[in-house]
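**Student:** Pasting in a structure now, in structure tokens, and then I'll have a few things to ask.
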Amino acid sequence: MDQKTKFVWAIGLVILIAVLVLISGCVEEKPKQNLTQEKIIVAVTISPQAEFVEKVGGDKVKIIVMVPPGASPHTYEPTPNQMVDLNNAKMYAKVGSGVEFELGWMDKITDLNKNMHVVDCSKGIELRKMTEEEEKAEEDGHESGEEHEHEEGGNDPHIWLSPKNAKMIVENIYNGLIEIDPDNKDYYKTNKDSYIAELDKADGEISKKLLNLKNRKILVFHPSWGYFCRDYNLTQIAIEKSGKEPTLQGIENLIKQAKENNITIIFTSPQFSTKSAEVIANEINGKVVLIDPLERNYTENLYKVADAFSKV
């Protein structure tokens, strides 16, 4: 091999080594990049909580919602993949008010990930007692053959459907986040204060919208709106059979109540059948309106619900 050929080979070898070093450097840098951008995984039971966690945690959290859109937290069972995903969660924000999903699954979930910090979102919230009719409707919503008891016995579990309660839920979530990630306390506090101001604004505007409402009774398929009604001086009348169609006698009774109270709108949600609601609506020359108690876009949904209730 002559000198010229040796020189060319040497140059080629240097270039090859430089390329390999460059590639090696890029490969080594990627894990470091991912490490600095790693988000805290926070699990929640229902979609509205996802907004609460997102508003406080911002870009530092990744959220797992256990009960997916369209499913009911009264009857839903998690998939094996969801249970596997919980292994990586650092925090679980449970509703804490007696939602059936949590009564049936929280022990299993915490056993699966013993290092996960569990936050009770109901801490500090005064749970309202359900009326006899509401409690009956709530119990009838479960599948036949199943027995369920509320955590506090007769308490309304739908605590999130009140901006006043939502503020306390947000505080509880904030306290949970700063416990597992104290270095970002100031960041979480800024986000939390901003969102609570948003909730205060929503509360004030909804109060004004519903203040002079003449008919203060609403007919709902499932008794989800007790806390909202308590906040704004409304009364919900619940269709007796949730999750399954009511009896003929139950429908006749509700038609009678609707006529006596001049109710022409029946509110139902995507998680339940609208068949019986439509039957009643036809009998009272009214209409069925869908409202979702599990909508992820929480404040936006509250405005929609208030607007719907203002038309009763």
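**Student:** Calculate how many DSSP beta bridges within the stretch 40-206 are antiparallel, expressed in % of all such bridges and rounded to the nearest 5. Walk me through the numbers on the way to the answer.
**Tutor:** Values: 1 of 13 bridges.
DSSP beta bridges in the stretch 40-206 are roughly 10 percent antiparallel.
**Student:** A further question follows. Within 10 Å of each residue's Cβ, count the other Cβ atoms and sort 288, 53, 95 from fewest upward.
**Tutor:** Listed from fewest to most nearby Cβ atoms, that is 288, 95, 53.
**Student:** Could you give me D for the stretch 212-309, from Stokes-Einstein at 4 °C and 1.567 mPa s, where the hydrodynamic radius is the Kirkwood radius over C-alpha pairs? Units µm² s⁻¹, please.
**Tutor:** Result for D is 95 µm²/s.
**Student:** Determine the gain in length on full extension of the stretch residue 303-residue 262; use 0.36 nm per residue of separation and subtract their C-alpha separation, reporting nm with one decimal.
**Tutor:** Values: separation 41, 0.36 × 41 = 14.76 nm, distance 2.37 nm.
Using 0.36 nm per residue and subtracting the Cα-Cα distance, I get 12.4 nm.
**Student:** Translational D (Stokes-Einstein, µm²/s) of the stretch 40-206 at 10 °C and 1.306 mPa s when Rh comes from the Kirkwood sum over C-alpha pairs?
**Tutor:** Working: Rh = 16.6 Å.
Reported coefficient: 96 µm²/s.
**Student:** Sorted by mean Cβ packing within 10 Å, highest first, what order do the peptides 158-169, 223-234 take?
**Tutor:** Per-residue mean Cβ counts within 10 Å order the peptides as 158-169, 223-234.
Read-outs throughout are calculated quantities, based only on the coordinates presented, and are distinct from any laboratory measurement. The shown structure was predicted, so the numbers you read here are calculated from the model rather than taken from an experiment. Note that each Cβ is placed from the backbone with ideal geometry, even for glycine, and that neighbours are counted across all protein chains shown.
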